[in-house]
Amino acid sequence: MSVKYISKASGLRGTVNVPGDKSISHRAVMLGSIALGTTEITHFLEGADCLATIGCFRKMGVEIEQKPKSILVHGKGLRGLCAPDGVLDVGNSGTTTRLLSGILCGQTFTSVLSGDESLNSRPMGRIITPLGNMGAAVTSVNGSGCAPLKIEPGTIHGIHYESPVASAQVKSAVLLAGLYADSETSVTEPALSRNHTELMLQSFGAALTATMHPDGRATATVAPCRELYGQQIDVPGDISSAAYFIAAGLTVPGSELLIKNVGINFTRAGFLKACQNMGADITLKNETIQSGEPRADILVKPSRLHGTVIEGDLIPSLIDEIPVIAVMAACAEGTTVIRDAAELKVKETDRIQTVTENLRAMGAHITPTEDGMVIEGGRVLKGASIESHMDHRIAMSFAVAGLSAEGETQIHNSQCVDVSYPTFWETIESLH
């Protein structure tokens, strides 16, 4: 077990280059592997989760080269994967598990997906049900609705799935299975979740359309596909990783941070909107679009934050950033209400519970609710012993809290940040 010690900072200054976007890195390897030709991926996130995705496809016969500045995926085509010799190890990656399940439904061999203890306790019924409706044979080996998952060959039929939740992982699993279906496949969500899968499928040559409905629902439709074709993909910086430095720049007096080349896709940039609603001093510079994904440099200065309400359609675009938003809310004036975020319960930890217990340990006033939390800001945070529960977003969020807290903060099991930001601790130290 590793422990990191965080002390109150007098100011953070400098330029930050955050790792590549985790969601896009996963999808680039997956689609590159089932495309014809070579896909070159630059600024790939070499964290444990994305490396698990590489490991799974290598086990199915895909040659993947890890160069100093790029990843080369030599695709096997839509139906060219080989039966793996043994279980596909997904590590701690829910994205790998759920999206890969959609791809495996269309293969001619049986496969088993399994991960670590945390991964194998997360609910998979949300993908088992729609994939089963498509004719796929996906079963929970232990009958628990969780991994390990066994996926057997089947005839895949196109469906129109009304998803009860706005989840990019559920949507992506169904759309990826739809590539192998006998007719069109559609997914309608109650609100638009991150759309990286749709953008990337289009760039690889799939016939995909996306529709926003007047009531806020969103539908993505994909046609059966003969082949996908390799692409060049430059992965933008991960806004979820940038969020910790944005929050630190806003809450630590005397700071000025420039976070470079951050993805600002509107389905992911709800965090920036929430910050602005709290009175944040944030400036976007050098906005461009590459590989279909908008990006910008983000300049952050300390701000007098105030409480806000975060709910509804905004939630899917910032679900991973809610722990650090809660930290910002504790440092702000007034009350912040977060609702419609029951999805937090099925992440690496129950993040409603883990955020509550750790903020209370630091002296904050927070009340958990069934689908979120209420934080009354204005109290001085105090250094505390923080248990990450091996959740990378909890560890990084409370590192930010420690930078503005009185006394020393200890982050236990701090190595868990490696899944999404292997150089996080070094980056923090370089800004003092």
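The values are calculated or read from the model by the stated rules, or taken from the named source; none is laboratory data. Please read these numbers as outputs of a predicted model, since none were measured by experiment. Reconstructed Cβ throughout: ideal geometry from the backbone, glycine too, with neighbour counts over all protein chains shown. For the accessible areas, the whole protein counts, side chains as well, though only heavy atoms, and no ligand, DNA or RNA atoms are used. Shrake-Rupley method; radii C 1.70, N 1.55, O 1.52, S 1.80 Å.
Restricting to the stretch 288-346, count the residues that are out of contact with any Phe, Trp or Tyr (no Cβ under 8 Å at 6 or more places or on another chain), of a type in the set (Asp, Glu), crowded, with 19+ Cβ neighbours inside 10 Å and under 14 Å from residue 270 (Cα atoms). Selection size over the stretch 288-346: 1.
Taken over the stretch 22-49, the residue count meeting the criterion of being under 15 Å from the mean Cα position of the chain (by Cα) and either among the hydroxyl-bearing types (Ser, Thr, Tyr) or modelled with pLDDT under 95 (or both) is 8.
Has the stretch 340-351 got any residue that is within 27 Å of residue 122 (Cβ to Cβ), of a type outside the set (Lys, Arg) and part of a strand (DSSP E or B)? Looking through the stretch 340-351, none of the residues is within 27 Å of residue 122 (Cβ to Cβ), of a type outside the set (Lys, Arg) and part of a strand (DSSP E or B). Residue count for the stretch 352-397 under the criterion of being farther than 19 Å from residue 320 by Cα and part of a loop (DSSP other than H, G, I, E, B): the result is 10.
Can you find a residue in the stretch 234-244 that is modelled with pLDDT under 95 and surrounded by fewer than 24 Cβ atoms within 10 Å (Cβ to Cβ)? The answer is no; no qualifying residue exists. In this structure, residue 259 does satisfy being open to solvent by less than 50 Å² (accessible area, probe 1.4 Å) and closer than 22 Å to residue 428 by Cβ. Would you mention how many residues in the stretch 12-43 are touching a strand residue (DSSP E or B) at 6+ places or on another chain (Cβ under 8 Å) and closer than 20 Å to residue 397 by Cβ? Residues in the stretch 12-43 being touching a strand residue (DSSP E or B) at 6+ places or on another chain (Cβ under 8 Å) and closer than 20 Å to residue 397 by Cβ: 5 in total. Specify the residue that is most open to solvent (accessible area, probe 1.4 Å); the eligible residues are those in the stretch 405-422 that are modelled with pLDDT of 95 or more and part of a loop (DSSP other than H, G, I, E, B). Only one residue tops the list, namely 408. Only one entry in 252, 170 is closer than 30 Å to residue 14 by Cα and crowded, with 19+ Cβ neighbours inside 10 Å, namely 252. Annotation: of all residues in the stretch 112-123 being touching a residue at least 60 places away in the same chain (Cβ under 8 Å) and not in a strand (DSSP E or B), the one that is surrounded by the fewest Cβ atoms within 10 Å (Cβ to Cβ) is 118. Return the residues of the stretch 199-245 that are of a type in the set (Ser, Thr, Tyr), farther than 21 Å from residue 167 by Cα and more than 22 Å from the chain's Cα centre (by Cα); say none if nothing qualifies. Answer for the stretch 199-245, where residues must be of a type in the set (Ser, Thr, Tyr), farther than 21 Å from residue 167 by Cα and more than 22 Å from the chain's Cα centre (by Cα): just 229. A count restricted to the stretch 61-88 and to residues that are under 11 Å from residue 40 (Cα atoms) and free of Cβ contacts under 8 Å to residues at least 40 places away in the same chain stands at 8.
Does residue 321 count as charged (D, E, K, R), under 24 Å from residue 301 (Cα atoms), touching a residue at least 60 places away in the same chain (Cβ under 8 Å) and touching a helix residue (DSSP H, G or I) at 6+ places or on another chain (Cβ under 8 Å)? Here the answer is yes, as residue 321 does meet what is asked. Among residues of the stretch 243-258 that are farther than 11 Å from residue 18 by Cβ and polar (S, T, N, Q), those with a Cβ under 6 angstrom from a residue that is in a loop (DSSP other than H, G, I, E, B) and open to solvent by 10 Å² or more (accessible area, probe 1.4 Å), sequence gap 6+ or separate chain, pair up as 251/404; 255/11; 255/302.
Here's the yes/no breakdown for (1) hydrophobic (A, V, I, L, M, F, W, C); (2) within 19 Å of residue 419 (Cα to Cα):
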position: 20; (1), (2): no, yes
position: 25; (1), (2): no, yes
position: 49; (1), (2): no, yes
position: 52; (1), (2): yes, yes
position: 57; (1), (2): yes, yes
position: 76; (1), (2): no, no
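Need pairs with beta-carbon distance below 9 Å; first residue at negative phi and within the stretch 148-167, second assigned to a strand (DSSP E or B) and open to solvent by 80 Å² or more (accessible area, probe 1.4 Å); sequence gap 6+ or separate chains. Here the result reads none, with nothing in the stretch 148-167 linked to a residue that is assigned to a strand (DSSP E or B) and open to solvent by 80 Å² or more (accessible area, probe 1.4 Å). Please work out if residue 134 is open to solvent by less than 10 Å² (accessible area, probe 1.4 Å), in contact with a His (Cβ under 9 Å, 6 or more places away or on another chain) and at pLDDT 95 or above. Yes: the conditions hold for residue 134.
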